[in-house]
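J.: For reference, the structure I am asking about is given below.
Read-outs throughout are calculated quantities, based only on the coordinates presented, and are distinct from any laboratory measurement. The model shown is predicted, which means the values in this text are computed figures rather than measured ones. Because the Cβ atoms are built from the backbone with ideal geometry, glycine has one as well, and the counts that use them run over all protein chains shown.
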Amino acid sequence: MESLLEIEPLNNWFEGINYPLIIAGPCSAETEEQVLSTAKSLAKTKQVSVLRAGIWKPRSRPGNFEGAGEEGLKWLNRVKNETGLKVAIEVATPAHVELALKNNIDMVWIGARTTANPFSVEQLAAALKSTNIPVLVKNPVTPDIELWIGAIERFNKVGITKLAAIHRGFFPYERSRLRNIPKWELAIDLKSRLPKLPLISDPSHIAGKRELVQEIAQHAIDLSYDGLMVEVHPNPPTALSDSRQQLDFKEFEHMLNSLNFHKLATGDSNFTDQLETIRNQIDSIDQQILELLGNRMRLIEKIGEYKRDKNVTIIQLRRWEKILESRIECGQKLGLSEEYIKSLLRLVHKESIKRQAEILRGKPDTNGE
Ligand code: PEP
Ligand code: MN
C-alpha cells in the first residue's frame, strides 16, 4: 500500500557516520558552556555521531523554559567546529527550518506534537524540499500509525530520501511505570510496512526516568532498531527541561558500555522473522494487560478503603452479576468464549476480594486464599 521513494540507507547519510546511529545530547540547549561541554564528552565516546539539542521547546503548559532560540544555533556551530560532531535540532515551523538551514544544522527532527498535525507537516515538507538534510520523524503523541506514516510520506513526496522514524512512545492517560507507553507492536508494525526506513529509539522519552533508560534502549536493540537518541546533560537535576530522564556523562558512558549490540553486530538486516515479530507483539500486549491489571487493583484498593470507612460489606452480588454479564457480552463480540471470560473474571474478582478483605482487617491476608 505504501509507496515510498527510494530511502537512503543510514550509512550513506554522511561520511563517518556510525552504525547503529547514536544521537545524544541535552533535551534543551541552555547555555553555550553546557552545549559545548556535553559535546566534548560525547565526542570522546567515539560512538556518538550526532549531538541533539532542542532550540525551541514545545512545552505542554505555558510559562516553562521555551528554549534558547536563535542564539543557540551559534553554539551548535561551535560544536561542529570544535568536535566534528554533526548537530540535530527539532523544527516545528518553516521559520525554524529557515534558521536551521542558514546556520548549517546537519539534521532535523519533527517532534511528536508536530507529527500529529498534517498541516504543520505539509508546511515543513515544503520548507525542507530540495535540501537533502536528514529528517527524523517522531511518532505522534497518539498511537495512530497512519498519522506517523502519513508524515513520513509527506516528507518523502517532496524528494527527501534521508528519512528515519523515531519511536518515543505514546501518551498514556492512565498512570504507568513509563512516561510514554512504548506500544512496541506499533513500531514493529511500522517497520514491517516500511522495511527500508531506519527506525531509531528514543528511550529517554519512553522511560521518563533515568533508571529505566537502559532497559528500554536494550529492548530496542534486541528488536534490531537502527539507532538511539538519548538525552544527556552535564548535571541533569539542574536541567531546565526533562530533568528526571536525562543521563549524566558517566551514566551515559556506562550505558553505552553495558548495552549488548549482539543482534546488530551479526549484520542481521532482516528486521525479525515472522514468528519473532508476532512474539514481540504479544509481549508488548501482555505488558499492557499487566499495567492495566495493576491500575485496576489500585482502584479496588480505593473502594476497599471507602468500604472500610463507611462500614460497607465487601461483596455486592448485584454488582458482580452485572460485571459478569456485561464483560461476557463484550468478550463474545471480540471472539472470546463465555467460559474463558468467566474463569478470567472469577480469578480477578477473587484477588480483588482478598485485597479488600486485607484492607478491612487492616493487615495482609495470611489465609493463603
Ligand atoms: C524532545 O526530544 O526533547 C522532545 C520534546 O520530544 P517529543 O517531541 O518526543 O516530546
Ligand atoms: Mn526532552
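J.: Report, in debye and to the nearest 20, how large the dipole of the range 269-361 comes out about its Cα centre when Lys and Arg carry +1 and Asp and Glu carry -1 on their Cβ. Spell out each step's value before the answer.
T.: Details: 18 positive and 15 negative charges, 158 e Å.
Its charge dipole is roughly 760 debye.
J.: Follow-up. Charges at C-beta only: +1 for Lys and Arg, -1 for Asp and Glu. How large is the resulting dipole of the chain about its Cα centre, in Debye rounded to 20? Please list the in-between numbers first.
T.: Numbers: 50 positive and 49 negative charges, 230 e Å.
Roughly 1100 debye, rounded to the nearest 20.
J.: A further question follows. Estimate the FRET efficiency between R279 and T142 by the formula 1/(1 + (r/R0)^6), using the beta-carbon distance for r and 35 Å for R0, to the nearest 0.05.
T.: Numbers: r = 26 Å, r/R0 = 0.73.
Calculated value: 0.85.
J.: On the Cα set of the chain, report Rg and Dmax in Å, please.
T.: 23.8, 73
J.: Using a simple spin-label model with points 7 Å from Cα along the Cα→Cβ vector, what separation in nm is obtained for L290 and R193?
T.: 2.8 nm
J.: Another question, if that's okay. Using θ = phi - 60° and the Karplus curve 6.51 cos²θ - 1.76 cosθ + 1.60, what whole-Hz ³J(HN,Hα) does each residue of the range 246-261 get, with Gly and Pro shown as x?
T.: The phi angles translate into 7, 9, 7, 4, 4, 4, 5, 4, 4, 5, 4, 6, 8, 5, 9, 8 Hz.
J.: Okay, moving on. Which whole-Hz ³J(HN,Hα) couplings does the range 81-88 yield from phi under the Karplus relation 6.51 cos²θ - 1.76 cosθ + 1.60, θ = phi - 60°, glycine and proline marked x?
T.: With coefficients 6.51, -1.76 and 1.60, one gets 5, 8, 10, x, 5, 7, 10, 10 Hz.
J.: T45 to K74: FRET efficiency via 1/(1 + (r/R0)^6), r the Cβ-Cβ distance, R0 22 Å, to the nearest 0.05?
T.: Details: r = 25 Å, r/R0 = 1.11.
After rounding, the FRET efficiency stands at 0.35.
J.: Sketch the reach of a paramagnetic label on I315 as a point 7 Å from Cα along Cα-to-Cβ, and name the residues of the range 333-353 whose backbone nitrogen lies under 19 Å away.
T.: 342-353, by backbone N distance to the label point.
J.: State the answer as a single residue: which of A357, L247, W75 lies farthest towards the positive end of the charge dipole of the chain, with beta carbon charges of +1 for Lys and Arg and -1 for Asp and Glu, about the Cα centre.
T.: A357
J.: Can I ask one more? If you plug each phi of the range 151-161 into the Karplus form 6.51 cos²θ - 1.76 cosθ + 1.60 with θ = phi - 60°, what whole-Hz ³J(HN,Hα) values come out, in order, with x for Gly and Pro?
T.: Running phi through 6.51 cos²θ - 1.76 cosθ + 1.60 with θ = phi - 60° gives 5, 4, 4, 4, 6, 5, 4, 8, x, 7, 10 Hz.
J.: Another question, then. Amide H to amide H, which residues 5 or more places from V230 or on other chains are under 5 Å from it, using H placed in the peptide plane?
T.: Distant-sequence amide H within range of V230: I23, A24, G25.
J.: Separate question: What lysines does K250 reach when the alpha-carbon gap must be under 17 Å and sequence neighbours fewer than 8 apart in one chain are set aside?
T.: Counting by Cα, and skipping residues close in sequence, K250 has these lysines nearby: K40, K44, K46, K209.
J.: Which order do C330, C27 fall in if you start with the one that has the fewest other Cβ atoms within 10 Å? Walk me through the numbers before you get to the answer.
T.: Values: C330 11, C27 24.
Placing the least packed residue first, the sequence is C330, C27.
J.: Then there's this: Name the residue from I323, L336, Q274 whose Cα lies farthest towards the positive end of the charge dipole of the range 269-361, charges +1 on Cβ of Lys and Arg and -1 on Cβ of Asp and Glu.
T.: I323
J.: Over the Cα atoms of the range 269-361, what Rg and Dmax result, in angstrom?
T.: Expressed in Å, the Cα Rg and Dmax of the range 269-361 come to 17.6, 62.
J.: Given the -39500 (n - 2.57) contribution per DSSP H run of 4+ residues, what per-residue ellipticity at 222 nm results for the chain, rounded to the nearest 500 deg cm²/dmol?
T.: On the way: 14 runs with 183 residues, N = 369.
Counting only the DSSP helices, I get -15500 deg cm²/dmol.
J.: List the residues whose amide H sits under 5 Å from the amide H of W13, counting only those 5 or more places along or on another chain, with H placed 1.01 Å from N in the peptide plane.
T.: Residues meeting the criterion, in which the H sits 1.01 Å from N, do not exist here.
J.: Please list, in chain and number order, the residues 5+ apart from A68 or on another chain whose amide H is under 5 Å from its amide H, with Hs placed from the backbone.
T.: Result for A68 returns A29.
J.: Further, regarding this structure: Select from P195, A164, W184 the residue farthest towards the positive end of the dipole of the chain; place +1 on Cβ of Lys and Arg, -1 on Cβ of Asp and Glu, and compute about the Cα centre.
T.: W184
J.: Counting pairs of alpha carbon atoms under 8 Å apart in space and at least six apart in sequence, what relative contact order in percent does the range 10-258 give? Walk me through the intermediate numbers first.
T.: Working: 500 pairs, mean separation 45.2, N = 249.
Normalised by residue count, the contact order of the range 10-258 is 18 percent.
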